[in-house]
Amino acid sequence: MGDDAPSDRIISLRPAAVARLSALAAASPPGQVLRMGVRSGGCSGLSYTMDFVGSGSVAASDAVDSYPEVSGGLSCAVDAKSALYLYGMELDYSDALIGGGFQFHNPNAEESCGCGKSFGV
């Protein structure tokens, strides 16, 4: 995350996540929005969700943050319920063979599973 990034974003991006999201956004159809959230399930009770969706699926009640540091610009939509669990989270990325992929550093999580894709509060 650069020094010029807004501090009131729900989710901040580490440099490796910016690079990976730039590649994914370039391969996605124009006008896509990154939707992040949580749902019940996973090893620890709640699991992270993350997908590109059309901008028409963004609800008026969603929190939307812009990430101009992602190549081509990117918006991220988070529903109100998920925002409570994700506020302050840092998204990172690793291309390691074991444990690679997006990594969620969530200060709201009281426990996390070994795979890092689910958490409990």
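Under the condition of being under 14 Å from the mean Cα position of the chain (by Cα) and either crowded, with 16+ Cβ neighbours inside 10 Å or at pLDDT 95 or above (or both), the residues counted in region 95-112 number 4. Among the residues making up region 14-57, a single one is in contact (Cβ under 8 Å) with a residue 40 or more places away in the chain, within 22 Å of residue 81 (Cβ to Cβ) and among the charged types (D, E, K, R): 35.
Each residue in region 36-92 was checked for being buried (at least 18 other Cβ atoms within 10 Å of the Cβ), closer than 12 Å to residue 13 by Cβ and among the hydroxyl-bearing types (Ser, Thr, Tyr), and 1 pass.
The values are calculated or read from the model by the stated rules, or taken from the named source; none is laboratory data. Nothing here was measured: the structure is a model prediction, and the numbers come from that model. Cβ: placed from backbone, ideal geometry, glycine included. Neighbour counts: every protein chain shown.
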